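Trainee: The structure that follows is given in the form of structure tokens.
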Amino acid sequence: MFVATFSEQEQRELAEKLTSLLSTYRRISDSYIIEFFSESLWDTLPVSWQEALGDLTPPQIADLLLDKEIKDRRYPSVWPLSLLALRTAAHVLSFPRKAPVGHSQEDAGPAVPEFASNQSQSSVLGHIFRKHVKPKKQHEILRLGTLVKKLCDQANCNYVVDVGSGQGHLTRFLSFGLGLDVTGIEADPNLVSMADKFDRQLLLALTKENQRSGKAQGLHSEPGPSPRHVVGWVNPQASCDVFIQQLVTASESYSSIGPTTGPYENKQKVEDLHLKPHSCQTKAELQNTLQAQKTHINISDSLAQVNIGAFLSGMETCKSTPVTDCGAKELGSFVLTGLHACGDLSSTLLRHFTNCPPVQVITSVACCYMKISTQENPNPPGVFQPSFSSDIPVADSCSEYGYPMSDWVRGLPGHQLSYKAREGACHAIEDYLQRLREESGLLRTHCYRAILESIIRAERPDMRRPGVQTVKKAHALSFSEYARLALPRVGLPADLPYDSVFVDTMLAHQGKVVVYFSLVLLLAPVVETLVLLDRMIFLQERGFMSELIPLFDAAFSPRNLVLMAVKPKETRS
């Protein structure tokens, strides 16, 4: 089930191999596919590689290069040993992304077992938790929520902090569905307002269902307090004390009549039903309803095989402070979780886990690796900046960057990962495999954009890699139609003249564009593995064991690796 708990030496040796491999093929991982023609990327490959790969069909690319599960490969020509070595090393050194034996997993996302009968509605997650939630998120909150519940039960710890909680889908499931006491922290106030709104809609729906039939379905038999949704930015440079104070303030801000601020829809209807979703009264009034309600979670695959007890060996129970009658509590020990916490947020949560005694367990699902800060790029584009000012100074030590976190990886030659390499690690290799095998028309979109880049540079040599908003169904258009729609988006006339013969020549090389992008994609899991391994070594250097779980179906949720860590009992007060 788990990626094996590596010894310190094994972790370090793997990091050395990963950095060596990525250093050797940095030119590929750092390449922008839209520059395929303008930078002559194909000519940068060894001639022997060009000869082996140039005439492959998309299904052959899938089988011979990207799919690590293929055992019987049939080569149309002899491949150079260097290319075979790259493929083998990329497959062997990357953390497994497929669920363990016992979990049925297909190539396509909608074939996830829980969506067998309805591709948009999970058959396992209660209907009240599916409203406003896309299938991918349904799959994620069900599996991560169940794992967090198992950890809480084993650790005898009922309090969870969900950072980057968004619209509160995971928070809502943990609280109403699994009976945990949950605080969700989200930097975007609009998302927090939506989370509160959805909570109230859920409670109204339950009340109506109970009034109509005298019975409702979908919740845990012993619900926890209604979740707290708090506007807050977890500053990467903040101390443990500042982080804990955020949580204490969040609890105090929830009085017996709910949060002190925020718009709520249908407020009068809520009051008419005597429902105050964030109060003690809510729990008392709904107790009879909730006792008959259960979330039918019967996961017979990998999650049910998790030996949480073994993982938590040496871990004593959390010493949480009891919840008072109206839900305000003095902060005690808790479990920290983040579902696809973006960029530096994941590394920040890991630092809080190591530095803050109250944080006893963490489950971290990372996302958006390109937004991680590095010494070379301390302010990557697209990173959220709070609208409010902070009195906490920005650290100038490389030890505070999102990558590398560990002393060991920081000391390895060639450990640096460019923005492009980290962005590439976010691509979904499973989805691309499906496109290759189906020979999907979507494969031509990279070629179209690469040709457009050549046209743009011919007209404006100073304009490189401009952002082009997605052209809807570009793959279904001719290139001339695509160019007519795309050129105005970069400030150029739709009827800009270009050499149509030269364009046709480039279109004839679409297969080579697909091959080159596949080489980039081959290295994507290697980059992701190095980022996550660096975090495991960071924890190891500080005396904490960790496990990495391919918890989600990778075809359905590409960022499917969950890093889980606990504190040994000797570190507890």
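Trainee: How about region 405-477: which GluC sites (Glu not before Pro) there are in a DSSP loop, with at most 13 other Cβ atoms within 10 Å of their Cβ? All intermediate terms of the calculation are to be shown ahead of the outcome.
Mentor: On the way: sites: Glu423, Glu430, Glu438, Glu439, Glu453, Glu459; in loops: Glu439.
Here the GluC sites (Glu not before Pro) that fit, given the DSSP loop and packing criteria, are Glu439.
Trainee: Suppose R0 equals 56 Å. What FRET efficiency, 1/(1 + (r/R0)^6) with r the Cβ-Cβ distance, do Gln469 and Asn156 give to the nearest 0.05?
Mentor: So, using R0 = 56 Å, E works out to roughly 0.65.
Trainee: Also: Set the bar at 22 Å for Cα to Cα. Now go through Lys371/Lys473; Lys420/Lys472; Lys98/Lys567; Lys149/Lys567; Lys68/Lys150; Lys17/Lys68 and name every pair that lies beyond it.
Mentor: On the way: Lys371/Lys473 28 Å; Lys420/Lys472 24 Å; Lys98/Lys567 27 Å; Lys149/Lys567 17 Å; Lys68/Lys150 32 Å; Lys17/Lys68 19 Å.
Too far apart for the 22 Å limit: Lys371/Lys473; Lys420/Lys472; Lys98/Lys567; Lys68/Lys150.
Trainee: To continue, here is another question. Using a probe of 1.4 angstrom, how much of the accessible area of region 457-563 is carbon and sulfur, in percent?
Mentor: Values: 2230 of 4250 Å².
That fraction is 52 percent.
Trainee: Could you work out Rg/(2.2 N^0.38 Å) for region 424-493, with Rg from alpha carbons only? List each step's numbers first, then the result.
Mentor: On the way: Rg = 13.5 Å, N = 70, 2.2 N^0.38 = 11.1 Å.
Scaled against compact globular proteins, the figure is 1.22.
Trainee: Cα atoms only: what Rg and Dmax, in Å, come out for region 1-76?
Mentor: 16.7, 46
Trainee: Pairs of Cα atoms under 8 Å, at least six residues apart: use those to get the relative contact order of region 453-573, whole percent. Could you put the intermediate results ahead of the total?
Mentor: Numbers: 64 pairs, mean separation 14.2, N = 121.
Over region 453-573, the number comes to 12 percent.
Trainee: Give the ranking of Arg27, Arg130, Arg535 by solvent-accessible surface, highest area first, calculated with a 1.4 Å probe. Display every interim value, and only then the final one.
Mentor: Details: Arg27 160, Arg130 55, Arg535 5 Å².
Accessible-area ranking of Arg27, Arg130, Arg535, largest first: Arg27, Arg130, Arg535.
Trainee: For the pair Gln9/Lys98, report the inter-label distance in nm, with labels modelled 7 Å from Cα in the Cβ direction.
Mentor: 3.1 nm
The values are calculated or read from the model by the stated rules, or taken from the named source; none is laboratory data. Worth saying up front: this structure is predicted, and the values here are computed from it rather than measured. Note: ideal-geometry Cβ built from the backbone for every residue, glycine included; neighbour counts use all protein chains shown. Accessible surface areas use protein heavy atoms only, side chains included; no ligands, DNA or RNA. Shrake-Rupley method; radii C 1.70, N 1.55, O 1.52, S 1.80 Å.
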